[in-house]
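Asks: After the structure tokens below, expect a handful of questions from me.
The values are calculated or read from the model by the stated rules, or taken from the named source; none is laboratory data. Everything numeric here is computed off the predicted structure, so don't read it as measured data. In this analysis, Cβ positions are derived from the backbone assuming ideal geometry, glycine residues included, and neighbour counts consider all displayed protein chains. Side chains included, ligands, DNA and RNA excluded: accessible areas come from the protein's heavy atoms. Shrake-Rupley method; radii C 1.70, N 1.55, O 1.52, S 1.80 Å.
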Amino acid sequence: GIRQLNGWADGAYLITDCSIQPSGNFTYQFNITGQEGTLWWHAHSSLLRATIYGALIIKPRNGTAGYPFTAPYGEIPIVFGEWWNKNVNDVEIDGHLTGLGPAISDALTINGMPGDHTSCKGAGVYEVEVASNKTYLLRIVNAALNVELFFKVARHNFTVVAVDACYTDPYTTDVIAIAPGQTVDALMTTLAPPRWYYMAATVFDSNTASIPFNNGTATGIIKYEGASNETIASMPSMPAHNDVVTANNFYWSLTGLARSDDPAVPTTVNHSMIVEFGLDQEPCAPDQTKCKEYALVAFMNGYSFQPPKKVSLLNALFDDLTDVYSEDFPMSPPSVPTIRKATSVKKVMYNDVVEVVLQSKKYKSKVGTENHPIHLHGYNF
């Protein structure tokens, strides 16, 4: 989510650079410009991003005085993840061979631990101690691969103050909804009786898609100073997996915090695009040896992106390699529904203003419909 004025340090596999080789190294150097709050980093080659990730915390240059809210007493990073009881590279390979995508994870995690409401017994419970009547800033990251999540802490409310390193108007809620790749900064004041309280994360799925999802619960514990574990509180009451009303109430209640030094929104644009995206079914490819007739395929404007094989797109542009990609990515969806597999880009000039309308395509009935978080590497919306 970091605005990349230097594209060479963005880290997108085969887009801006190639993967770091075994025993190799690469130092990322970039400036932080116009962003404050919580972002994150992760591996970007295959499903290694399921195991290698962490928070990036960007604080105001003038310290806590720069917050547009009262400085918190403390900060608590909360990073969600997914865990498979197998090599994640094998999960990816099998997902391609079957055409069904990655198998659902065996557990959800909070700061690397699934908690005590899972079949992964003894794998650990994340615990954090807090003082009574203090306000903490929770820096929440969804580093899971494929699932949107609901997050709650029993007997506690939140005040959302930022998303994706952009401040928001304060929004009070007892539940956080967060999609993969997103971050939420939320204040939590410890006003409950001094006990132990569960935090919990469960999957939000609109339930119109026929694709299975992890229906487990990740748990952690908020421990008040001086409280014993004999007084642990009950689980928070979690929304149903398909509670679209609660999810939409959260997302639609977020508004940007207007500040005097914010840049103005451009009034003229150089390129206007409509980008329609989603999943569909295509006949199995020859190398999908475990596939049964049809495979899932993702697309934008009818194009299913195929990564280049030997060189990154940025290297190809820099070295003027003309046979790596085509420049025919369409400005709008095709009039006749078709899916083309291609390494295709839309080329724009430096300092151009691009207006993009994003819309989710209704899938074939067998696949159903689902939400899509959208991220544009090197930029923030």
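Asks: When you scan the range 297-327, how many residues do you find that are in contact (Cβ under 8 Å) with a residue 24 or more places away in the chain, in a loop (DSSP other than H, G, I, E, B) and closer than 19 Å to GLY11 by Cβ?
Replies: Going through the range 297-327 one residue at a time, the tally reaches 4.
Asks: Right, another one. Which members of the range 84-107 meet the condition of being buried (at least 18 other Cβ atoms within 10 Å of the Cβ) and more than 14 Å from LEU296 (Cβ to Cβ)?
Replies: If the condition is that a residue be buried (at least 18 other Cβ atoms within 10 Å of the Cβ) and more than 14 Å from LEU296 (Cβ to Cβ), then TRP84, VAL88, VAL91, SER105, ALA107 are the ones that fit.
Asks: Out of curiosity, is GLY11 at positive phi, touching a residue at least 12 places away in the same chain (Cβ under 8 Å), open to solvent by 20 Å² or more (accessible area, probe 1.4 Å) and assigned to a loop (DSSP other than H, G, I, E, B)?
Replies: no
Asks: What is the one condition in (1) in the same structural domain as VAL153 (by the TED database); (2) under 30 Å from THR168 (Cα atoms) that ASP262 does not satisfy?
Replies: Checking ASP262 against (1) in the same structural domain as VAL153 (by the TED database); (2) under 30 Å from THR168 (Cα atoms), the one that fails is (1).
Asks: Still on this structure, I have one more. Does PRO330 count as in a loop (DSSP other than H, G, I, E, B), open to solvent by less than 70 Å² (accessible area, probe 1.4 Å) and out of contact with any strand residue (DSSP E or B) (no Cβ under 8 Å at 6 or more places or on another chain)?
Replies: no
Asks: Looking at (1) open to solvent by less than 10 Å² (accessible area, probe 1.4 Å); (2) in contact (Cβ under 8 Å) with a residue 60 or more places away in the chain, find the lone condition where TYR126 falls short.
Replies: Only one criterion in (1) open to solvent by less than 10 Å² (accessible area, probe 1.4 Å); (2) in contact (Cβ under 8 Å) with a residue 60 or more places away in the chain is unmet by TYR126, namely (1).
Asks: If you go through the range 168-216 one residue at a time, how many are open to solvent by 30 Å² or more (accessible area, probe 1.4 Å), outside any loop (DSSP other than H, G, I, E, B) and of a type outside the set (D, E, K, R)?
Replies: Counting residues in the range 168-216 that are open to solvent by 30 Å² or more (accessible area, probe 1.4 Å), outside any loop (DSSP other than H, G, I, E, B) and of a type outside the set (D, E, K, R) gives 5.
Asks: Okay, next question. Can you name the number of the only condition in (1) touching a Lys or Arg at 6+ places or on another chain (Cβ under 8 Å); (2) within 25 Å of THR16 (Cβ to Cβ); (3) not basic (Lys, Arg) that PRO333 fails?
Replies: All conditions are met except number (2).
Asks: Of everything in the range 20-35, what is open to solvent by 50 Å² or more (accessible area, probe 1.4 Å) and under 30 Å from ASP169 (Cβ atoms)? Give them in sequence order.
Replies: PHE30, ASN31, ILE32, THR33, GLY34 - these are the residues of the range 20-35 that are open to solvent by 50 Å² or more (accessible area, probe 1.4 Å) and under 30 Å from ASP169 (Cβ atoms).
Asks: Could you figure out which of (1) within 20 Å of the chain's Cα centre (by Cα); (2) open to solvent by 20 Å² or more (accessible area, probe 1.4 Å) isn't true of ILE110?
Replies: So ILE110 meets the others, but not (2).
Asks: To continue, here is another question. Can you say whether TYR325 is under 24 Å from PHE381 (Cα atoms), open to solvent by less than 60 Å² (accessible area, probe 1.4 Å) and of a type in the set (Phe, Trp, Tyr), as far as the supplied structure shows?
Replies: no
Asks: With respect to ASP17, determine if the residue is surrounded by 14 or more Cβ atoms within 10 Å (Cβ to Cβ) and modelled with pLDDT of 95 or more.
Replies: In short, no.
Asks: If the requirement is being of a type outside the set (Phe, Trp, Tyr), in contact with a strand residue (DSSP E or B) (Cβ under 9 Å, 6 or more places away or on another chain) and surrounded by fewer than 16 Cβ atoms within 10 Å (Cβ to Cβ), which of these qualifies: GLY302, GLY278, GLY256?
Replies: Going through GLY302, GLY278, GLY256 in turn, the sole match is GLY256.
Asks: Moving on to the next point. Given the conditions (1) open to solvent by less than 20 Å² (accessible area, probe 1.4 Å); (2) part of a strand (DSSP E or B); (3) not β-branched (Val, Ile, Thr), report the number of the one that ALA55 does not fulfil.
Replies: Just one mismatch for ALA55, condition (1).
Asks: Restricting to the range 333-353, count the residues that are open to solvent by less than 50 Å² (accessible area, probe 1.4 Å) and not in a loop (DSSP other than H, G, I, E, B).
Replies: 2
Asks: Quick check on my filter: what residues within the range 188-219 are modelled with pLDDT of 95 or more and in contact with a Gly (Cβ under 6 Å, 6 or more places away or on another chain)?
Replies: If the condition is that a residue be modelled with pLDDT of 95 or more and in contact with a Gly (Cβ under 6 Å, 6 or more places away or on another chain), then MET199, ALA218, THR219 are the ones that fit.
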